[in-house]
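In what follows, a structure is listed as structure tokens, so that the remarks can point back to it.
The values are calculated or read from the model by the stated rules, or taken from the named source; none is laboratory data. Here the structure is a predicted model, which is why all the values come from computation and not from measurement. Please note: Cβ atoms are built from the backbone with ideal geometry, for glycine as well, and neighbour counts cover all protein chains shown. These accessible areas exclude ligands, DNA and RNA; they are computed on the full protein's heavy atoms, side chains included. Shrake-Rupley method; radii C 1.70, N 1.55, O 1.52, S 1.80 Å.
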Amino acid sequence: MSFDKEWASVRTASTAEVSMRLNQVAPEPGTGGGNADLGVDQDKLGAIGGAAYALHGRLVKDGNHARTSTTEAATGLSSHGFLTGSAMSTVQETWSSQLSTLLDACANISNHLDYSAASHAKEEADITAALAASAINEYLK
């Protein structure tokens, strides 16, 4: 069989087995699979936000642990004409910049999850109140 014939048969076989697939996680058993409701798990949001907050605290405390000794070593090496001194200074500056970026990211994650959880709770309360008022209006008619 030539390559072209084999390729054509493989393509035909593969298209016969294709069905529509959506890029999503399969529904959990027992959920019905067809629900399009927005769901927010407050516990999961809280756990992720708490982890980001804890990481931020650890980074603030431990992120600059070696800054003083690295700076002193870089200065000492540079003053004696070693190129390693300037390289250590560059590493220290890069570390400080990356640490700052990571601290900002952890703070943003924590703050945004706190905001999202509070916002969702408020929306849920508003919807619940609106539905309750709607049900009351039905009985008043």
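For segment 70-83, the criterion of being among the hydrophobic types (A, V, I, L, M, F, W, C), loosely packed, with under 13 Cβ neighbours inside 10 Å and modelled with pLDDT of 90 or more is met by at least one residue. Just to be sure I understand, how many residues within segment 39-60 are open to solvent by 70 Å² or more (accessible area, probe 1.4 Å) and within 20 Å of L102 (Cα to Cα)? Residues meeting the conditions: 5. Against the conditions (1) modelled with pLDDT under 85; (2) open to solvent by 100 Å² or more (accessible area, probe 1.4 Å), W95 satisfies every one except (1).
Which residues, counting only those in segment 56-108, are within 30 Å of L45 (Cα to Cα), touching a Leu at 6+ places or on another chain (Cβ under 9 Å) and either of a type in the set (A, V, I, L, M, F, W, C) or not in a helix (DSSP H, G or I) (or both)? Full working, then the answer.
Going through segment 56-108, the residues within 30 Å of L45 (Cα to Cα) turn out to be 56-64, 95-108.
Next, only the ones that are touching a Leu at 6+ places or on another chain (Cβ under 9 Å) stay: 56, 59-60, 63-64, 99, 102-103, 106.
Residues satisfying the conditions are L59, V60, G63, N64, L99, L102, L103, C106.
Has segment 6-20 got at least one residue that is closer than 30 Å to E124 by Cβ, open to solvent by 80 Å² or more (accessible area, probe 1.4 Å) and either at pLDDT below 65 or in contact with a strand residue (DSSP E or B) (Cβ under 6 Å, 6 or more places away or on another chain) (or both)? No, every residue in segment 6-20 fails to be closer than 30 Å to E124 by Cβ, open to solvent by 80 Å² or more (accessible area, probe 1.4 Å) and either at pLDDT below 65 or in contact with a strand residue (DSSP E or B) (Cβ under 6 Å, 6 or more places away or on another chain) (or both). Scanning segment 65-106 for residues that are free of Cβ contacts under 8 Å to residues at least 40 places away in the same chain, touching a Gly at 6+ places or on another chain (Cβ under 9 Å) and of a type outside the set (S, T, N, Q), we see that the one that is farthest from G49 (Cα to Cα) is F82.
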